[in-house]
1. Under a plain spin-label model, where a point goes 7 Å from the Cα along Cα-to-Cβ, how far apart in nm are B:Asp57 and A:Asp57?
2. From the phi of every residue in segment A:117-131, what ³J(HN,Hα) in whole Hz does the Karplus formula 6.51 cos²θ - 1.76 cosθ + 1.60 yield, where θ is phi - 60° and glycine or proline is x?
3. Using a cut-off of 11 Å between beta-carbons, work out the net charge of the residues near A:Met114 (Lys and Arg +1, Asp and Glu -1, A:Met114 not included).
4. Got a sec to turn the phi values of segment B:169-175 into Karplus ³J(HN,Hα) couplings, 6.51 cos²θ - 1.76 cosθ + 1.60 with θ = phi - 60°, whole Hz, x for Gly and Pro?
5. With a 10 Å cut-off between alpha carbons and a GNM built on chain A, which of A:Trp176, A:Trp159, A:Trp108 moves the most?
6. When a/c reaches 1.5 or more, the comparison of a/b and b/c decides; with that in mind, is segment B:1-90 rounded, prolate or oblate per its Cα gyration tensor?
7. I want to make sure I understand the PRE zone here: with the label point 7 angstrom from the Cα of B:Arg106 toward its beta carbon, which residues in segment B:134-166 have backbone N atoms less than 16 Å away?
8. What residues of segment B:137-171 lose no less than 10 Å² of accessible area with every protein chain in place versus their chain by itself (probe 1.4 Å, heavy atoms only)?
There are 2 protein chains.
Amino acid sequence: MTERHLHLVETTVSQEELLRGRFLHVVRDHVALPDGQPATREYVVHPGAVVVVPLLDDGRVVLERQHRHPVGQVMIEFPAGKIDPGEDRRACAERELREETGYTAREWAHAGLMHPVIAYSTEFIDIWFARGLVAGERSLDAGEFLDVFAATPTELLQWCRDGRVTDAKTLSCMLWLQNVLSGSWSLNWRP
Amino acid sequence: MTERHLHLVETTVSQEELLRGRFLHVVRDHVALPDGQPATREYVVHPGAVVVVPLLDDGRVVLERQHRHPVGQVMIEFPAGKIDPGEDRRACAERELREETGYTAREWAHAGLMHPVIAYSTEFIDIWFARGLVAGERSLDAGEFLDVFAATPTELLQWCRDGRVTDAKTLSCMLWLQNVLSGSWSLNWRP
């Protein structure tokens, strides 16, 4: 946002830690609302993540099936993962693609950014496209179980419509993929 | 998902409560992985939400600007909100649109469903379209500050591309809007 919209802005007065779990870190901020009244905001502190749209030479895209415990379903997703401390975002995209699918890519393009859960998490997800894919060995983390498969963009778009794909990061990537493939949106590819 | 993919599925062994905040409820599940090994999963328990794509008679859509504390930015979003206990999803969509923007709608169509944060929240967001909009008085909750404005779908699509819109639920709704407006995806409108 280039405009400031100061009449909407809250300011932080203090912060307390609510939870240091094995996986989740939750804080509560005490804020001043735009009218000066006090309020509290609770949210997950997240390091940020990347998602990759991997384009095969035959026109298909690489996807994953993974059981996601909070929603109790096997979900269809683009490869994604959290950024390690100090890790470069493109390096993270390369690492997650290689670890989860085995693919390396000859060219990468940064597409955009999304915020998946603006009401209660700091998480951002950086969106990358990869092409010139070369298959290799994947190296899943201990306790990570996921299937890798390929689908045409037409199939994936149909699944977004019929409810087989409901993961919001994958739906948001589909918006990018559809407009890139139609030629409406261009990407800046780099080796 | 109609297929089961049982080789990916985790099963819950027990659950403990980690946090009962003023706003966030967090639990930790002890699960058995597909290979039988134990693991833990921490996540936010959420009642679910709705998002509304409100179509004005002049072709523009109704949007909101709201400061979102966890991401520290004023965000452009479609109207959305949490489902009250026992509340019907369409009734929730009507209520949130009216409270946040003042608009009521003559016709509604259910589009789809998204899961914004499958790694650490049970949240789903039900996607609705509204048309035949009639302006009225809005009734914001105490401490709720947001601006309502209108934009053409072409403007909104450009903002999704250039990074002015990064909210994943709004990006996902843009996928729906683009395909509905092109005639590729049809909606089932009801009074």
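The values are calculated or read from the model by the stated rules, or taken from the named source; none is laboratory data. None of these values were measured; they are calculated from a predicted model. All Cβ positions, glycine included, derive from the backbone under ideal geometry; neighbour counts span all protein chains shown. These area figures cover heavy atoms from the full protein model, side chains too; ligands, DNA and RNA do not enter into them. Shrake-Rupley method; radii C 1.70, N 1.55, O 1.52, S 1.80 Å.
1. According to this spin-label approximation, the distance is 5.7 nm.
2. 8, 5, 7, 8, 7, 7, 4, 10, 10, 7, 9, 10, 10, 10, 9
3. Local charge sum for A:Met114: -1.
4. 5, 6, 4, 5, 5, 5, 4
5. Top of the fluctuation ranking is A:Trp159.
6. Prolate shape, in that a/c is at least 1.5 and a/b is the bigger ratio.
7. Output list for this probe position: B:134-136.
8. B:Gly143, B:Phe145, B:Asp147, B:Leu157, B:Cys160, B:Arg161, B:Arg164, B:Thr166, B:Asp167, B:Ala168, B:Leu171
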